[in-house]
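Q: First, the structure itself, so that you have it in front of you.
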Amino acid sequence: MLGTQLAVLCDGTPAGLTDALDVVAGFDEALTDGFARVGEPGAAALAAVAGALSATPLGDRVAEAVDKMTAGSVAREHLVTLAGARTALLGAAHDALLGRFDTAVARDRAAWASTASRPPEEHPLDGARAWLHEVAVTGWRGVDHELLATAGAQVETLLPVPALRRLAVLLDGLAAELRASVPIGTMPRVPTRRWADLWTRGTLLAHVPPADTGSAAAERVTGRLLPLGADVHEHDTAVQVQVHGILEPADGSPPRLVRTAVGAAKVDTIVGPAVWQLLQAHPVLLAALAHRRGLTVTDLPVSGGDLLWQDDRVALDEPADPFATARVLLPTAVAAATAPLDRHPVGIAEPVLLEGYAVRDDDGSLSLELDGHRIAVAVDRLPSCGPLTAELVASSSACLGLVRWDDGWLVQPLAVQATVKRRTVAAHNGDWAEGVTDPKVAKAEARSGDVVAVLRERAGRLLRK
């Protein structure tokens, strides 16, 4: 990424972006208070949503839902419509921002190919729909332990169905966050945007689950996968490692920007490098990250830019330096279109390579400066399970990262090249995928004990009883 490209990216915001986000913020405040009795502020917020969507195909349905809810009728179909309206507004914001990014870096992007999804049988979703409906009627401030206690049964019902596990993990995480915040009415600041995002996603997933990307009809790819970096998503109850990379198809078609992810359930005591132990069921992927090697994939299912990881269809390939991969292939790689449900500004995560910058430190807030133009560094997104630290970023000269939007553009480092004791070293988020390589950190981990092994031993003891 060059200074001129950074200038185009950061020069102002797309027209209408602020207005769209203001409408969404109003809806989120109304959801915080609940829809059981919609007061004047809530009615005005819902009317603004209807006005914003009036000229779209959703216009009539949104207007009807708003009228019914303002009058006191809160049916499930009305909430699904409003969840769709909120998603459409954020989707429009996402498209405007992503279009600016593509223009700035001259990135080609494939068109979205619609795929039909067939919902599974109704029964497993009834409980989830009812719970999400009750949450919306009650509002965040009215959520109590009694309501949250019923979420566990819904999660247990959904988890055995592969197509519904995404919804199950979402409900489990949302319920855990709410449970930790009760009584919400006394919180000085409610995370309205985040919880509304989770509620909206859950409502739409419970209405029409996504298509099964592992089905026989799914697109499949064969070729060489060259990892660029790992983005670790960690929650108290789950961890997911999302690997961004470039696929060189065996049929000779242009290289494609792709990503794949593996995850596992966890407890809040498993943190830091120990989270990699939860992913040992995927040794080939962990080895590729730890040793910076490419992968050969054979008939791997893909949906848009998301590869559905299957260990029996991948094999380790030759060493592949992610920085060299980015320099050679990233400028010509074709990006995938974003799935409709994922069109949200916070979902933007575009791989870039930045070099030759100066690092600026403003009271702990790092930014990278190229030709007088700056982009903030998301230091708070650096995972604790890898060697990458703010200090390394501050001394770096090259950065492989993800460009994101969070009320402004920023870059989340996945790897950096830095000068340490007059030597150039590279640090990647996935370097410790097979174990800690830093002697000091390894010694500290040894002193604290193997948390995962202890928990597994205790679980085995309980099962034997």
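Q: Under the √(5λ) rule applied to the eigenvalues of the Cα gyration tensor, what semi-axes describe the equivalent ellipsoid of segment 298-389? Give them in Å, descending.
A: 30, 18, 16
Q: Where in segment 275-299 does the label zone of residue 434 land, with the point 7 angstrom along Cα→C-beta and an amide N cut-off under 20 Å?
A: 275-297
Q: Once you list every other residue whose beta carbon is under 15 Å from the beta carbon of residue 350, what net charge do they have if Lys and Arg are +1 and Asp and Glu are -1?
A: Values: positive: 100, 107, 109, 256, 259, 343, 381, 404; negative: 95, 102, 108, 231, 306, 342, 406.
Net charge around residue 350: +1.
Q: Taking a cut-off of 13 Å between Cα atoms, list the aspartates and glutamates near residue 266, but don't count ones fewer than 8 places away on the same chain.
A: Correct list for residue 266: 172, 234, 236.
Q: Same structure, new question: What is segment 245-364 by shape, rounded, prolate or oblate, if you read a ≥ b ≥ c off the alpha carbon gyration tensor as root eigenvalues and call it rounded for a/c under 1.5, prolate for a/b larger than b/c, and oblate otherwise? Mind dumping the intermediate values first?
A: Details: a/c = 1.31, a/b = 1.02, b/c = 1.29.
Here segment 245-364 falls in the rounded category.
Q: Express in nm, to one decimal, how much length is gained between residue 444 and residue 298 on full extension, taking 0.36 nm for each residue of separation and deducting their alpha carbon distance. Let's see the in-between values first.
A: Values: separation 146, 0.36 × 146 = 52.56 nm, distance 4.01 nm.
Between residue 444 and residue 298, full extension yields an extra 48.5 nm.
Q: For segment 3-207, what is the charge dipole size about the Cα centre, in debye to the nearest 20, if Lys and Arg each add +1 at the Cβ and Asp and Glu each add -1 at the Cβ?
A: Values: 18 positive and 24 negative charges, 72 e Å.
Here the size comes out at about 340 debye.
Q: Helix-only estimate, please: 222 nm mean residue ellipticity of the chain, summing -39500 (n - 2.57) across DSSP H runs of length 4 or more and dividing by its residues, to the nearest 500. If you can, show how the numbers build up before the last one.
A: On the way: 15 runs with 188 residues, N = 465.
When only DSSP H runs of four or more count, the value is -12500 deg cm²/dmol.
Q: If you take the Cα atoms of the chain, find Rg, then find the Kirkwood Rh from the mean of 1/r over all pairs, what is Rg/Rh?
A: Result for the chain is an Rg/Rh of 0.96.
Q: Quote to one decimal, in nm, the extra length available between residue 389 and residue 166 on full extension: 0.36 nm per residue of separation minus the C-alpha distance between them.
A: Working: separation 223, 0.36 × 223 = 80.28 nm, distance 3.05 nm.
Using 0.36 nm per residue and subtracting the Cα-Cα distance, I get 77.2 nm.
Q: Suppose R0 equals 60 Å; then what is the FRET efficiency for residue 77 and residue 359 from their Cβ-Cβ distance, rounded to the nearest 0.05? Don't skip to the end; give the middle numbers.
A: Numbers: r = 52 Å, r/R0 = 0.87.
That pair, residue 77 with residue 359, gives E of 0.70.
Q: OK, next. Could you line up 291, 428 from fewest to most neighbouring Cβ atoms inside 10 Å?
A: Details: 291 14, 428 24.
With the fewest neighbours first, 291, 428 line up as 291, 428.
Q: State, to one decimal in nm, how far the label point of residue 44 lies from the label point of residue 208, with both points 7 Å from Cα in the Cβ direction.
A: The modelled label-to-label distance comes out at 3.4 nm.
Q: Using the count of nearby Cβ atoms within 10 Å as a rough guide to exposure, how do 246, 348, 184 rank from fewest to most?
A: On the way: 246 26, 348 20, 184 17.
The order, fewest Cβ neighbours first, is 184, 348, 246.
Q: Provide the per-residue ³J(HN,Hα) series for segment 269-277, in order, calculated from phi with Karplus coefficients 6.51, -1.76, 1.60 and θ = phi - 60°, each as a whole number of Hz, with x at glycine and proline positions.
A: Using θ = phi - 60°, the values come out as 7, 8, 9, x, x, 4, 5, 5, 5 Hz.
Q: By counting other Cβ atoms within 10 Å of each Cβ, how are 434, 318 ranked from fewest to most?
A: Working: 434 15, 318 9.
Fewest-to-most Cβ neighbours within 10 Å comes out as 318, 434.
Throughout, read-outs are computed from the coordinates displayed, never taken from laboratory work. Source: prediction; values computed, not measured. Heads up, the Cβs are rebuilt from the backbone with ideal geometry, glycines too, and the neighbour counts pull from every protein chain shown.
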